[in-house]
1. Pull out the extension gain between Lys114 and Arg69, defined as 0.36 nm times the separation in residues minus the alpha carbon to alpha carbon distance; nm, one decimal.
2. Using r as the Cβ-Cβ distance of Arg134 and Asp77, and R0 as 30 Å, what FRET efficiency do you calculate, to the nearest 0.05?
Amino acid sequence: FFSGVPVLVPVRASPLSSGLRQSAGCRAGTRLLDGMRSATLLLLGLAIVSGARKRQSRAAAVKRRECERGECRGVHDDERTNCVLRCQSQYCYAEVYGAEELEPGEIDTKRQQKFNRCLTTEERQQRSKRSVERQQRRAGGDAGSAAADSDAESDAVPDAEDEAKVEI
C-alpha cells in the first residue's frame, strides 16, 4: 500500500554505513538531485569566470581590432601577428617577444599569456593616471607635484607617450 514511496530497508551494519539502505527508487532520485546540483554549480561557476574574462580583455580586443583594421591591414599574413602585437603595445612586445619574434604560424601560449598580463598592467596604470589627472582638474590643485607622483607610479610600464621611445 506504499507504492512509489522510498523505503529504507534495514541491512547488516558495516563500520562505514548507518545500517540502512535506500530503495532503488530513492537512489535514482538522489542521483538526479546530485546531478542537478552539480550542473547548476558548474554553470554558475562558468558564468562568473567568463564574465570576469570579458571585462579584463575587452579593451585589449578593441585595440587588437583597431590594429588589424588600421596599421596592419596591408601587412602580409606571415607578418601580421607580430605587427598587431607591436601595434597593441610596443613596450609589451619588446618585453615578451623582443628577443625572439613569433615565426609565421607559431602559437606560443606562454608568451601570449605574459603579453596579455603586460597589456592588462599597462591599461590599469593608464586608467589610474587618467583618474589622477581628472581628480586634479576637478580639485584645481597643484598639478606639478601630483603629475610627478603619477609619473613615478607608472615607471614600471610606460604609457603611450613612452612607447614611442622604445626601439625594436
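1. Working: separation 45, 0.36 × 45 = 16.20 nm, distance 2.41 nm.
Contour length minus Cα-Cα distance gives 13.8 nm.
2. Values: r = 41 Å, r/R0 = 1.38.
After rounding to 0.05, the efficiency reads 0.15.
None of the figures in this text is laboratory data; all of them are computed from the coordinates on show. Just so you know, these numbers come straight off a predicted model, no measurement behind them. As a convention, Cβ positions derive from the backbone with ideal geometry for all residues, glycine included, and neighbour counts pool all protein chains shown.
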